[in-house]
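Below: the structure, in structure tokens.
The values are calculated or read from the model by the stated rules, or taken from the named source; none is laboratory data. Keep in mind the model is a prediction, meaning the values are calculated, not measured. Each accessible area value is taken on the protein alone, full model and side chains, heavy atoms only, with ligands, DNA and RNA left out. Shrake-Rupley method; radii C 1.70, N 1.55, O 1.52, S 1.80 Å.
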Amino acid sequence: QVQLVESGGGLVQAGGSLRLSCAASGRTVSMYAMGWFRQAPGKEREFVAAISGSGLSTYYADSVKGRFTIVRANAKNTVYLQMNSLKPEDTAVYYCAAETSTRAVVGGTGNYWGQGTQVTVSS
């Protein structure tokens, strides 16, 4: 199976920044599309951002557009989520996702998920 490990979560004040990392391994993941979802307590998991296997196309939820940036490292199977201007409503567990198609990642139908990393934004 593909293994995904998230890191970089933490506690920040509103308006602050965090950078999340997702490291992928286990199969031929170099060309996999990858992305981020988040889930707040009592809420459904929601799409945040995704990047194509080539790294040439990115997709963002309207709620984070202009504040978050997803980037794929070329040297290794790692994707970063740079989160700026954080708001208390961004508080959630953030999950990394991967799949062979960008469409599957964006739609939340991918088969590979990480364990999650907690992001807490205080007001």
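At a glance:
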item	result
Within the chain, helix-based [θ] at 222 nm, where runs of 4 or more DSSP H residues each add -39,500 (n - 2.57), nearest 500	-1000 deg cm²/dmol
Hz values of 3J(HN,Hα) by residue in the stretch 106-123 - Karplus curve (6.51, -1.76, 1.60), Gly and Pro given as x	4, x, x, 9, x, 9, 10, 9, x, 7, x, 9, 7, 10, 10, 10, 8, 9
Solvent-accessible ranking of Arg27, Arg45, Arg38, largest area first, probe 1.4 Å	Arg27, Arg45, Arg38
Stretchable slack from Arg27 to Ala14, in nm (0.36 nm times residue separation minus alpha-carbon distance)	0.9 nm
Probe 1.4 Å - accessible area at Tyr80, Å² to nearest ten	40
The chain - accessible surface per residue (Å², probe 1.4 Å)	52
Other-chain or far-sequence residues with amide H under 5 Å of Tyr112's (modelled H)	Ala98
